[in-house]
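Read the structure below first, then the notes.
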């Protein structure tokens, strides 16, 4: 440990050929450099800033889903540094964010148009191929297998019908037990109506118009029925019990009905569900009819060959008419693909879409701007250097060193104009009382400390 608190040291500027005119009137500053603290060490904050800046410039705005997030992160880093020359970078980045948002509006318009075209073509081809595969399966299967399948479906339908009838009887019995009259019970059961809403988000709203939600497990469906309308038909003293009874039976009635017959949505005039027993029976019967039209083995073999050739032809057409290089594995338009970028060429040509990072990149490569930035950052480093490791030198060159708790250290005296004097202790515990050019392990550099640090940061900016 070196204690400089009691002994005053002195630097002889003249021995370094530094004329008095060069030395500013204000006090000079000195720094103690240790293995832990040094203004020559590039701060992690600056390294992160330099790395993030390069990463953004080299990033493809179209293929990077976090591009806007990366811009905002870089803006945050420049703001956090809190130096004046950050403003030009922040302004350019804000402009980049605005251009990117405008670009993505155009990108999404094009993507939706392309996706609509792809979906339509895929749907048409897939329907034709599905029909071919169905016919091939029909031809190759034995007629007995279709008869057996039809019988199995009929048994399932009968079981579901019996279960549905049993549910309605149980519901009627329980309502009559509540002392409701026969006509009212018949009216309630006959007037149970359902409503259906697709595309459930996180949860189903409790009401759809005046219909109330049924608690059924379904990934994309919200089911409602006219609960309040039915309960309001009953005497007030029985409404609570009627509510409990409906809660018990309605969900199962819905599920059984849908499994049997699907659900026809009158508003859109179509069947909502694809999977229900009556449809399965209709398809099985149709398949059996098709099977029976193949009167001979020769006809069947000819049909198989025809369908297989048609399937190959459709696959060939699909590969020609649908650009797979534009799509991801789920047949969704991939905006990061080279094929999509090619589709953007017209928008890029007429400047409807621009490269968001061009202006920022120009500023990044502007050496005058970067030099000013690194100079200010160097000032920040020196201003924030630990006070316990810095000291002042009077106009006459006198200074008192702080306590140094290191065996190896350097003393740097920063002469503001264009010089720095560096003394390297080389494990010598006691610092020199008189610091001259002849003092062992002492060198002079014709740059002040800010210039040295700034130059190091400048090189890091471009070569880090």
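What follows is calculated from the coordinates using simple rules that are stated; it is not laboratory data. As the structure is a computational prediction, the values presented were derived from the model and not from experiment. No Cβ is skipped: glycine too gets one built from the backbone with ideal geometry, and neighbour counts run over all protein chains shown.
Helix 87-140 and the long axis of the chain differ in direction by around 30°, with both axes built from C-alpha atoms.
If the segment from residue 152 to residue 187 were pulled out straight at 0.36 nm per residue, it would be longer than the present Cα-Cα gap by 9.1 nm.
A Förster radius of 30 Å combined with the Cβ-Cβ distance from residue 163 to residue 243 puts the calculated FRET efficiency at roughly 0.80. Among the listed values (1) 24, 57, 19, 1; (2) 16, 41, 33, 9, 1, 0; (3) 16, 24, 22, 18, 15, 5, 0, the one computed from these coordinates for P(r) over Cα pairs in 20 Å bins from 0, in percent is (3).
Note on residue 330/residue 228: beta-carbon distance plugged into 1/(1 + (r/R0)^6) with R0 of 41 Å gives a FRET efficiency of 0.45. Reducing segment 337-401 and segment 137-170 to their Cα centroids gives an inter-centroid distance of 74 Å.
Shown is the FRET efficiency for residue 45 and residue 359, computed with R0 = 30 Å from the Cβ-Cβ distance and rounded to the nearest 0.05: 0.80.
Put a dot 7 Å past the Cα of residue 252, heading toward its Cβ, do the same for residue 315, and the two dots end up 4.9 nm apart.
Take the Cα of residue 379, go 7 Å toward its beta carbon, and the backbone nitrogen atoms of segment 55-90 under 12 Å from that spot belong to 83-86.
Nearest 10 degrees is fine. How inclined is helix 143-177 to the longest principal axis of the chain, computing both from alpha carbons? Approximately 90 degrees, to the nearest 10.
Relative to the longest principal axis of the C-alpha atoms of the chain, give the angle of the C-alpha long axis of helix 367-383, reported between 0 and 90° and rounded to the nearest 10°. Here the helix axis deviates by roughly 70 degrees.
For the pair residue 300 and residue 98 in one chain, pulling the backbone fully straight at 0.36 nm per residue adds 66.3 nm over the alpha carbon distance.
Every helix of 4 or more DSSP H residues in the chain counts as -39500 (n - 2.57), and over all residues that averages to -18000 deg cm²/dmol at 222 nm. With 0.36 nm allotted per residue and the present C-alpha distance subtracted, the residue 274-residue 134 stretch has 48.8 nm of extension available.
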